[in-house]
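The values are calculated or read from the model by the stated rules, or taken from the named source; none is laboratory data. All of these numbers come straight from a predicted model, not from anything done at the bench. Cβ placement follows ideal geometry from the backbone for every residue including glycine, while neighbour counts extend to all protein chains displayed. Heads up: the accessible areas ignore ligands, DNA and RNA and are worked out on the full protein's heavy atoms, side chains in. Shrake-Rupley method; radii C 1.70, N 1.55, O 1.52, S 1.80 Å.
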Amino acid sequence: IEIFFKGLKNRTPIYHANDLNTLPVGFFLAKLKIAKLVYDSHELYVEQYSNTSIFYKKILSFIEKIFIRKADAVITVNDSIAEILSERYNISLPITMMNCPVYQNSPSSFKTNNPKKIIYLGRYTEDRGIEELILSMKYVENAKLYLRGFGPHEDFLRALALNNNLSDKVIFLEPVNMTKMVDSLEGFDIGIVPYKPVSLNNKLASPNKIFEYMMAGLPIAVSDSPELKKIVLENNVGVLFDPSDPKDIANKINNLMGNDKLLKEMRKKALKCAKSKYNWEVQSRKLISVYDSLLKH
């Protein structure tokens with residue numbers, strides 16, 4: 001309601017609704033102001049949480065179905081979510097625009113640590129596989145895991161590490177400002193994303209931490225899920241693991257860390273990919289193209 005009344009005070013040729021919670025407001029403002037509407041789906045919003053009731057999902061889906069068809073353009077963060085939205089609501093395939101950070105030149109020295117340093121960036125919440133990641137450190141050789149983030153699950157994760165005698169191998173770091181994420185990755189060897197496929201949104205996620213790791217020149221170890229798998233295999237920048245199995249996580253990490261030549265090659269490829277395609281300067285060209293097209297019609 002607050003956004004709606006603030007929006008009434010301004011006139012703009014395009015209203016950009018970021019996720020489903022702003023889409024109805026964007027629609028009504030666009031109608032009142034005779035403007036265009038862009039729906040930007042950063043998540044598969046209806047499928048975000050594993051514990052959401054079927055009734056609530058149906059309500060969200062009904063709302064999304066009504067308003068997504070009213071949008072003049074629909075964009076989203078990866079091909080998998082674009083295909084789901086297209087099939088579910090019988091709309092044209094949304095435009096894929098990856099959620100990458102602004103490019104930061106972060107040259108890597110290609111040196112490896114001893115013991116090696118694994119980093120996880122992000123919120124501490126359930127279903128992100130952080131518990132299994134911590135337990136995998138029982139089996140990871142010659143390495144330490146660093147967790148940089150915050151969230152409601154932090155006390156549980158600290159207790160899990162302590163109760164499993166992993167306090168010397170699992171280190172909690174203070175969070176940093178979003179603009180400092182890439183800089184904060186200097187000195188690490190591997191970036192990790194252990195999301196579990198507990199919801200369709202989790203399964204199809206392509207979180208921006210992936211691109212931050214690559215921009216810092218880090219090889220990545222990630223869950224074997226469709227979009228993460230595509231990034232790893234297309235660019236040869238990391239390894240895949242079963243996020244529900246601490247031993248498999250450890251085995252894949254050990255295999256990667258045991259080959260310094262491979263780590264160095266993947267560092268170079270990660271930096272090259274970040275510079276050539278996985279950055280906001282490249283991805284935002286698609287957004288500008290969408291705006292240009294809407295303004296001409």
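For the range 21-161, the alpha carbon convex hull comes to 172 Å³ per residue, rounded to a whole number. Counted residue by residue at 0.36 nm each, then reduced by the alpha carbon distance between them, the extension gain from LYS57 to GLU87 reaches 9.1 nm. The fraction of Cα-Cα pairs per 5 angstrom bin, counted from 0 for the range 1-79, comes to 3, 16, 25, 22, 18, 10, 5, 2 percent, rounded to whole percents.
Within the listed set LEU32, LEU200, LEU147, the residue fluctuating most in the Gaussian network model of the chain (springs between alpha-carbon atoms under 10 angstrom) is LEU32. With the gyration tensor restricted to C-alpha atoms of the range 102-253, the semi-axes of the equivalent ellipsoid amount to 21, 18, 16 Å, longest first.
With both labels modelled 7 Å from their Cα along Cα-to-Cβ, the ASN21 to ASN163 distance reads 3.1 nm. Among PRO194, PRO13, PRO207, the largest mean-square fluctuation in a Gaussian network model of the chain (Cα springs under 10 Å) belongs to PRO13. Debye-formula intensities of the range 150-208, expressed as log10 I(q)/I(0) at q = 0.23 Å⁻¹, are -1.23 (one equal scatterer per alpha-carbon, no solvent). Straightening the chain between THR179 and LYS272 buys 31.4 nm, computed as 0.36 nm per residue apart minus the Cα-Cα spacing. Atom-type composition of the exposed protein surface of the chain places 52 percent of the accessible area on carbon and sulfur (1.4 angstrom probe).
In debye, nearest 20: dipole of the chain around its Cα centre with unit charges on the Cβ of K, R (+) and D, E (-)?
That gives a dipole near 860 debye.
Under 15 Å of direct C-alpha separation, and excluding same-chain neighbours fewer than eight residues apart, LYS58 reaches these aspartates and glutamates: GLU47. Pairs exceeding 24 Å between alpha-carbon atoms, taken from LYS111/LYS144; LYS6/LYS296; LYS117/LYS286; LYS138/LYS203: LYS6/LYS296; LYS117/LYS286; LYS138/LYS203. For the range 55-105, the solvent-accessible area with a 1.4 angstrom probe is 54 square angstrom per residue. Here the range 247-283 is scanned for amide nitrogen atoms under 11 Å from the site 7 Å beyond the Cα of ASP224 along Cα-to-Cβ, giving 248-249, 252. Comparing mean-square fluctuations of ARG128, ARG148, ARG88 from a GNM of the chain with C-alpha springs under 10 Å, the top value falls on ARG88.
Scan the chain and note any complete DSSP helix (H) whose C-alpha atoms cover at least 18 Å along its axis and whose Kyte-Doolittle average is 1.0 or more.
In the chain, the long hydrophobic H runs are 54-68.
At the residue level, MET97 shows approximately 10 square angstrom of accessible surface with a 1.4 angstrom probe and all protein chains present.
Computed over the range 182-296, the P(r) tail beyond 24 angstrom holds 30 percent of alpha carbon pairs.
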